[in-house]
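> To start, I am sharing the structure in question, which I have written as structure tokens.
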Amino acid sequence: MTSIMAIANQKGGVGKTTTAINLSAALAAKGQRVLLVDCDAQGNASSGLGVRITGADAGLYGFLRHPMDPPLHRPIQNLPLWLLPANSSLAAAEWELAAQGGGETVLAQKMEPLGREFDFILLDCPPSLGLLTVNSLCAAHSVLIPLQCEYFAMEGLTLLLETLRKIKMRWNPELRIRGIVLTMFDRRNNLCHQVAVEVRNHLGGHVLKTVIPRNVRLSECPSHGLPVTLYDRHSAGAKAYMSLADELLETEASGD
Ligand SMILES: Nc1ncnc2c1ncn2[C@@H]1O[C@H](COP(=O)(O)OP(=O)(O)OP(=O)(O)O)[C@@H](O)[C@H]1O
Ligand SMILES: [Mg+2]
């Protein structure tokens, strides 16, 4: 069965897109058929895989607004990874969806026929709790939450958990937390350790074993349009995202 996973945290710059790109590529490297949907008008998941689209009706925006097949790209030959890209035109979708009744579930309806073709569909959410994030959470079976170990991380998490509870109640009772993944972890930084302990104390059951370290290769690879597993497969970042893929596949298989 297809697993649709939203990668969400309304806090900006916590590693959502880095996780979306590199986890997608790691899962694909393990033979999974993966679709990555760029749900952010910043289009970082698209450009990070070397895909830049132009035109007002291009990418996810056109797919949400018009009856059409999804404009899928295959950014890397030999990897079973597809991308539904986005550009800045997607910003308009936020208020256009708000203007129409039931605008929260448009993506869920559009995604339904796509499910059968992929093992995983990952949705890279924007840094807000606006309608594009709500649409992603309504379309998803689960949510993966990247959390940067820094001051204020817990406050943001409380708000996100409250939003997830409301979405479960109103639109998507099946939605579950797939896991919290600690990102940009710097083991020489005391605050990182303190926040990690605090998150584990409060939400231990949800925190994944794999921790993504701060790694310069992860910040370099988007400018080459490559996931880190192809840019430098021996880097700590590549190894961490391969481990994250393993952890998710193991727990997927055991039904956790
Ligand atoms: N583990 C890491 N090590 C080093 N740099 C990282 C790591 N993860 C992310 N970065 C860098 O941090 C910045 C923010 O990451 P990213 O774009 O993935 O966050 P985001 O949550 O998607 O941001 P936004 O909220 O704007 O969508 C980027 O420049 C990225 O290259
Ligand atoms: Mg992003």
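> Please name all residue pairs, on different chains or six or more residues apart, with Cβ atoms under 8 Å, provided the first residue is in the range 215-226 and is more than 16 Å from ligand 2 (Cβ to nearest atom) and the second residue is among the hydroxyl-bearing types (Ser, Thr, Tyr) and not in a helix (DSSP H, G or I).
Asn215/Ser235; Arg217/Ser235
> Going by the conditions given, is Leu60 surrounded by 19 or more Cβ atoms within 10 Å (Cβ to Cβ), without any contact (Cβ under 8 Å) to a residue 40 or more places away in the chain and within 16 Å of ligand 2 (Cβ to nearest atom)?
Against the criterion (surrounded by 19 or more Cβ atoms within 10 Å (Cβ to Cβ), without any contact (Cβ under 8 Å) to a residue 40 or more places away in the chain and within 16 Å of ligand 2 (Cβ to nearest atom)), Leu60 qualifies.
> Could you grab me the full set of residues in the range 187-215 that are within 18 Å of the chain's Cα centre (by Cα) and among the aliphatic types (A, V, I, L, M)?
Answer for the range 187-215, where residues must be within 18 Å of the chain's Cα centre (by Cα) and among the aliphatic types (A, V, I, L, M): Val207, Leu208, Val211, Ile212.
> Sort out which residues of the range 196-213 are closer than 23 Å to Lys239 by Cα, more than 16 Å from ligand 2 (Cβ to nearest atom) and surrounded by 14 or more Cβ atoms within 10 Å (Cβ to Cβ), and write them in order of number.
Hits for the range 196-213 are Ala196, Arg200, His206, Val207, Leu208, Thr210, Val211, Pro213.
> Could you please find all residues in the range 49-97 being of a type in the set (A, V, I, L, M, F, W, C), within 19 Å of the chain's Cα centre (by Cα) and within 26 Å of His224 (Cβ to Cβ)?
Correct list: Leu49, Val51, Leu60, Leu72, Ile76, Leu79, Leu81, Trp82, Leu83, Leu84, Ala86, Leu90.
> Let me ask you something else. Give the range 220-238 a look and list any residue that's assigned to a helix (DSSP H, G or I) and out of contact with any Ser or Thr (no Cβ under 8 Å at 6 or more places or on another chain), or say none.
Answer for the range 220-238, where residues must be assigned to a helix (DSSP H, G or I) and out of contact with any Ser or Thr (no Cβ under 8 Å at 6 or more places or on another chain): Glu220, Cys221, Ser223, His224, Thr229, Leu230, Tyr231, Ala236, Gly237.
> Also: Is there a residue in the range 5-20 that is of a type in the set (D, E, K, R) and crowded, with 17+ Cβ neighbours inside 10 Å?
Within the range 5-20 (the criterion being of a type in the set (D, E, K, R) and crowded, with 17+ Cβ neighbours inside 10 Å), the answer is yes, since at least one residue qualifies.
> Please count how many residues of the range 20-48 are in a loop (DSSP other than H, G, I, E, B), of a type outside the set (D, E, K, R) and within 13 Å of ligand 1 (Cβ to nearest atom).
5
> Let me ask you something else. Yes or no: Leu147 among the aliphatic types (A, V, I, L, M), within 16 Å of ligand 2 (Cβ to nearest atom), under 12 Å from Val14 (Cβ atoms) and under 15 Å from the mean Cα position of the chain (by Cα)?
Answer is yes for this residue.
Yes or no, residue by residue, for (1) small (Gly, Ala, Ser); (2) surrounded by 13 or more Cβ atoms within 10 Å (Cβ to Cβ); (3) under 20 Å from the mean Cα position of the chain (by Cα):
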{"residue": "Gly115", "(1), (2), (3)": "yes, yes, yes"}
{"residue": "Leu131", "(1), (2), (3)": "no, yes, yes"}
{"residue": "Cys138", "(1), (2), (3)": "no, yes, yes"}
{"residue": "Glu162", "(1), (2), (3)": "no, no, yes"}
{"residue": "Arg178", "(1), (2), (3)": "no, yes, yes"}
{"residue": "Phe185", "(1), (2), (3)": "no, yes, yes"}
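> Right, here's the next one. Kindly establish whether Gly55 is away from ligand 2 (no atom under 16 Å from the Cβ) and not in a loop (DSSP other than H, G, I, E, B).
No; evaluated as a whole, the condition is false for this residue.
> Sticking with this structure for a sec: Output the qualifying pairs, or none if there are none: Cβ atoms under 8 angstrom, residues six or more apart or on different chains, first residue in the range 1-30 and over 13 Å from Phe120 (Cβ atoms), second residue within 11 Å of ligand 1 (Cβ to nearest atom) and of a type in the set (Lys, Arg).
Filtered contacts from the range 1-30: Ala8/Lys16; Asn9/Lys16.
> Got at least one residue in the range 25-42 being over 26 Å from Lys239 (Cα atoms) and more than 16 Å from ligand 2 (Cβ to nearest atom)?
No, because not a single residue in the range 25-42 is over 26 Å from Lys239 (Cα atoms) and more than 16 Å from ligand 2 (Cβ to nearest atom).
> Shifting gears a bit: Among (1) within 16 Å of ligand 1 (Cβ to nearest atom); (2) out of contact with any Phe, Trp or Tyr (no Cβ under 8 Å at 6 or more places or on another chain); (3) of a type in the set (A, V, I, L, M, F, W, C); (4) without any contact (Cβ under 8 Å) to a residue 60 or more places away in the chain, where does Trp95 come up short?
Here Trp95 clears every test but (1).
Values in this text are rule-based calculations from the coordinates and carry no lab data. Keep in mind that this is a model prediction, so the values were computed, not measured. Quick reminder, even Gly has a Cβ in these numbers, built from the backbone with ideal geometry, and neighbours come from all protein chains shown.
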